[in-house]
Amino acid sequence: MNNAREVEAVVIGAGQAGLSSAYHLRRTGFEPDRDFVVLDRSPAPGGAWQFRWPSLTYGKVHGMHALPGMELTGADPARPSAEVIGEYFADYEHAFGLRVRRPVDVRAVRAGDGGRLLVETDRGDWAARALINATGTWNRPFRPRYPGQETFRGRQLHTAQYAGPEEFAGRRVVVVGGGASGTQHLLELAPYAAATTWVTRRPPVFREGPFDEGAGRAAVALVEERVRQGLPPRSVVSVTGLPLNDAIRQGLKDGVLDRQPMFDRITPDGVDWNDGRHVDADVILWATGFRAALDHLAPLRLREPGGGIRVEGTRAVADPRVHLVGYGPSASTVGANRAGREAVRDIRRLLAGDPVAA
């Protein structure tokens, strides 16, 4: 650790969770570069939003909540969300002097000397007394394995590689996944594709009426209980259901959102079910979500036998120096804001030697 630069805290990730955490560090007296540093793998401001497909306009975004201390106002709903939110995040970093370092690839976090954590990166190492991990999920797209997958002669891609509906013109497309991305893809693809088929493991649940604060708290509590038990978190969205808006209603009426049960195998020219049904396909689009990007924390041995990291609030139970923001119950944008504040409060107690934080 001789060459490692010493700071009080390192924030990994500069999406909603990381910027919220950095804001609260700055607001409570920590100085960027001297007391803390924000490391971001992405090439530009915007977190995962900068990689969203162009046809996902700001008006289609569900639940984007403003960062603390600065509202997002006057945005054109017809502009791509990647542009709107990328510019907003850039303005936010500048307004609060957060001095995000990018692109920086954090390779590993391990126990260092003197009770510090050693954060190893491709741009040098950092020795910190506390760590806020806000790496999100975008770098870990999840694609399940199915028999025959390697034999498929068409194209397979994940939501993370989706660039818009035009490239699927005249193609027969199977969309896999029952979340918001899957339904958005289907509604966009239908006017271009020769045919679309929607398959999900479980029947989709559509939510009628407003999603009020009580329902939100109940959904977050379900996810929170999983991380308390050391289980991999489900997303908050996965337990809230899909909002039954006008576009979804039209898709159901038109038959675009005619959900089929999950196929049993993939063939060279499509997908098969055990009951003898077959659908020809040129493309399989996996809208199957993401997993938390936490591999760099492996040397700390934080994972429980259940596969997740047990968290109380934002603090990793196995190591009170480590806080996970934007993980599990704080994965939503509003949740990330609150979690950033909570993590900073606990870190200040930890650095002050308050036994409550340990």
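Here, each number is a calculation from the coordinates, and none is a lab measurement. Just so we're clear, the structure is a prediction, and the values are computed from it rather than from any experiment. Cβ: placed from backbone, ideal geometry, glycine included. Neighbour counts: every protein chain shown.
Here the translational diffusion coefficient of the chain follows from Stokes-Einstein with Rh set to the Kirkwood radius across Cα pairs; for 25 °C and 0.890 mPa s it amounts to 113 µm²/s. Multiplying each eigenvalue of the alpha-carbon gyration tensor of segment 1-71 by 5 and taking the square root yields semi-axes of 29, 16, 7 Å, largest first, rounded to whole angstroms. Summary: within the chain, the longest segment free of GluC sites (Glu not before Pro) located in DSSP loops with at most 10 other C-beta atoms within 10 Å is 209-358. The HN-Hα couplings worked out from phi for segment 298-305 by the Karplus form 6.51 cos²θ - 1.76 cosθ + 1.60 (θ = phi - 60°) are 3, x, 7, 6, 8, 5, 8, x Hz, whole numbers, x standing for Gly and Pro.
Each of 89, 66, 136 was placed along the dipole of segment 43-139 (beta-carbon charges, centred on the mean Cα), and the one lying farthest toward the positive end is 136. Computed from Cα positions, the angle between helix 81-95 and the longest principal axis of the chain comes to roughly 10 degrees.
Give me D for segment 125-203 in µm² s⁻¹, whole number, from Stokes-Einstein with Rh from the Kirkwood sum over alpha-carbon pairs, 37 °C and 0.692 mPa s.
Values: Rh = 15.1 Å.
It diffuses with D of about 217 µm²/s by this estimate.
Give me the net charge for the shell around residue 345: Cβ to Cβ below 12 angstrom, other residues only, Lys and Arg +1, Asp and Glu -1. So the surrounding residues net to +3.
Kirkwood hydrodynamic radius, computed over distinct alpha-carbon pairs, for segment 254-353: how many Å, to one decimal? Spell out each step's value before the answer.
Details: mean 1/r = 0.0574 Å⁻¹.
Hydrodynamic radius (Kirkwood, Cα only) of segment 254-353 equals 17.4 Å.
Remark: segment 157-164, residue by residue, has Karplus-estimated 3J(HN,Hα) of 8, 9, 3, 4, 9, 6, 10, x Hz, where x stands for each Gly or Pro and the curve is 6.51 cos²θ - 1.76 cosθ + 1.60 at θ = phi - 60°.
Note that segment 87-126 carries a Kirkwood radius of 12.0 Å, evaluated over its alpha carbons pair by pair.
Taking amide H atoms as placed 1.01 Å from N in the peptide plane, the amide H of residue 57 lies under 5 Å from those of 81, each 5 or more residues away in sequence or on another chain. The fraction of all Cα pairs in segment 63-172 landing in successive 10 Å bins from 0 to the largest distance is 9, 24, 28, 24, 13, 2, 0, given as whole percents.
Against the chain, whose longest principal axis is taken from its Cα atoms, helix 213-228 shows a tilt of about 70°. For the chain, the longest principal axis of the C-alpha atoms and the axis of helix 16-27 are separated by about 20°.
Annotation: amide H of residue 104 within the under-5 Å range of 40, 41, 42, sequence separation 5 or more or interchain, hydrogens built in the peptide plane. From its DSSP helices (H runs of at least four residues, each -39,500 (n - 2.57)), the chain gives a residue-normalised ellipticity at 222 nm of -7500 deg cm²/dmol.
Any idea what the relative contact order of the chain is, in percent, if you count C-alpha pairs under 8 Å spaced at least 6 apart? Please list the in-between numbers first.
On the way: 746 pairs, mean separation 79.2, N = 358.
Averaging sequence separation for qualifying contacts and normalising by length gives 22 percent for the chain.
Where both partners of a DSSP beta bridge lie in the chain, what percent of those bridges are antiparallel, to the nearest 5? So the antiparallel bridges amount to about 40 percent of the total. For segment 315-323, backbone phi angles converted through the Karplus equation (6.51, -1.76, 1.60; θ = phi - 60°) give residue-by-residue couplings of 8, 5, 4, 6, 7, x, 7, 9, 10 Hz, Gly and Pro being listed as x.
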